[in-house]
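Comments concern the structure below.
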Amino acid sequence: MQNLDKYTAEFRALSLEALDAMKLLERYDTKYLVPTDVLPEFLSRLVANYSILEIAGSREFEYFNEYFDTSDFRFYSNHHNGKINRLKIRYRRYVETGVAFMEVKKKIKHETKKYRIPHSFDSFEFDAASTNFVGEKAGINSVELVPKLQIIYRRITLLNPKSGDKITIDRDLRFDNGENKYVLSHLAIIEVKTKKSSEAIRNAGSATQVLREMMISRTDLSKYCIGLVLTKSKVKYNRFKRKILLINRLVDSHDGL
């Protein structure tokens, strides 16, 4: 994995408390799938306007995610079939800080709403609190939910203090459906998160402008959906074939260097 310490060290540090004070639990997301080779330039061009999350001297952190779905992949199918309103339920563990949450993410048209409650760090099983939580926020009984996919990655988090726009950079993505594993080599997912309207997203802070200048186009993709396909889960994936072809092309182009 490429060492980015030289580039992340240039940013002003941002505490977890300061980041939490500017939560974007209701937001608009724009994603970009990029070769990791572009990250040094991308980071270098954001230093003037963004700060970086730093905890105990670290500026990149490991995230563990367990995604739940129904036995017949209802949440995945809704996404695959182009449903405008859809949801995901996951357990997320922040490895370095030792905290964990049960989360519900709702996509309502183009807006993302995220809800979460604290959960045990040692187990992603549903307890009474998380059962009540998913019942209230997702309208589903936890007995219907089955662990379907683990996703682990390293994340860098940047924040523009003036606009409130947040940038996450996820790399070293590893997918595991319990039977098959897949490592997304040499690729990263950049996500621009803003509370502004879709019109403002195109001009939100300097990150979107930098991506345009670097001729990087947005790629709408779900880590959960793509991870299920890449790990050969038994799901229909016609709608995602172009994204899988793009991933394979980017991986092949790097391997051919």
Notebook entry, point to check: Could we say that LEU19 is in contact with a strand residue (DSSP E or B) (Cβ under 6 Å, 6 or more places away or on another chain), farther than 30 Å from VAL251 by Cα and either assigned to a strand (DSSP E or B) or of a type in the set (A, V, I, L, M) (or both) here?
Noted result: yes
Next item on the list: Give the residues of the range 216-235 that are modelled with pLDDT of 95 or more and in a loop (DSSP other than H, G, I, E, B), sorted by residue number.
Entry: THR231, LYS232, SER233, VAL235
Next item on the list: State which residue pairs qualify: first residue at pLDDT below 75 and inside the range 11-33, second residue β-branched (Val, Ile, Thr) in any location, beta carbons under 9 Å apart, and separation of 6 or more residues or different chains.
Entry: LEU24/THR112; LEU24/THR194; LEU25/THR112; GLU26/THR112; ARG27/THR112; ARG27/THR194
Note to self: Given the options PHE101, PHE68, name the one that is of a type in the set (A, V, I, L, M, F, W, C) and without any contact (Cβ under 8 Å) to a residue 24 or more places away in the chain.
What the structure shows: PHE101
Checklist line | Filtered residues of the range 163-183 (kept if part of a strand (DSSP E or B) and either without any contact (Cβ under 8 Å) to a residue 12 or more places away in the chain or over 21 Å from TYR76 (Cβ atoms) (or both)) | finding: LYS166, ILE167, THR168, ILE169, ARG171, ASP172, VAL183
Item checked: Residue in the range 8-25 that is within 23 Å of ILE152 (Cβ to Cβ), under 17 Å from the mean Cα position of the chain (by Cα) and β-branched (Val, Ile, Thr) present -> no
Item checked: Unique residue being among the acidic types (Asp, Glu) and crowded, with 18+ Cβ neighbours inside 10 Å when the list is ASP170, ASP220, ASP176, ASP127 -> ASP170
Note to self: Just to check your reading of the model, which residue among GLU179, GLU136, GLU191 is farther than 22 Å from VAL229 by Cα and charged (D, E, K, R)?
What the structure shows: GLU136
Margin query: Looking only at residues that are in a loop (DSSP other than H, G, I, E, B) and in contact (Cβ under 8 Å) with a residue 12 or more places away in the chain in the range 141-162, which one is nearest to TYR50 (Cα to Cα)?
Written below: ASN160
Check: Among the strands (runs of 3 or more DSSP E) confined wholly to the range 61-112, which include 2 or more residues that are within 12 Å of LYS148 (Cβ to Cβ)?
Finding: 61-69, 86-94
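The values are calculated or read from the model by the stated rules, or taken from the named source; none is laboratory data. Only a predicted model underlies this, so the values are computations on that prediction, with no experimental measurement involved. We place every Cβ from the backbone using ideal geometry, glycine too, and count neighbours over all the protein chains shown.
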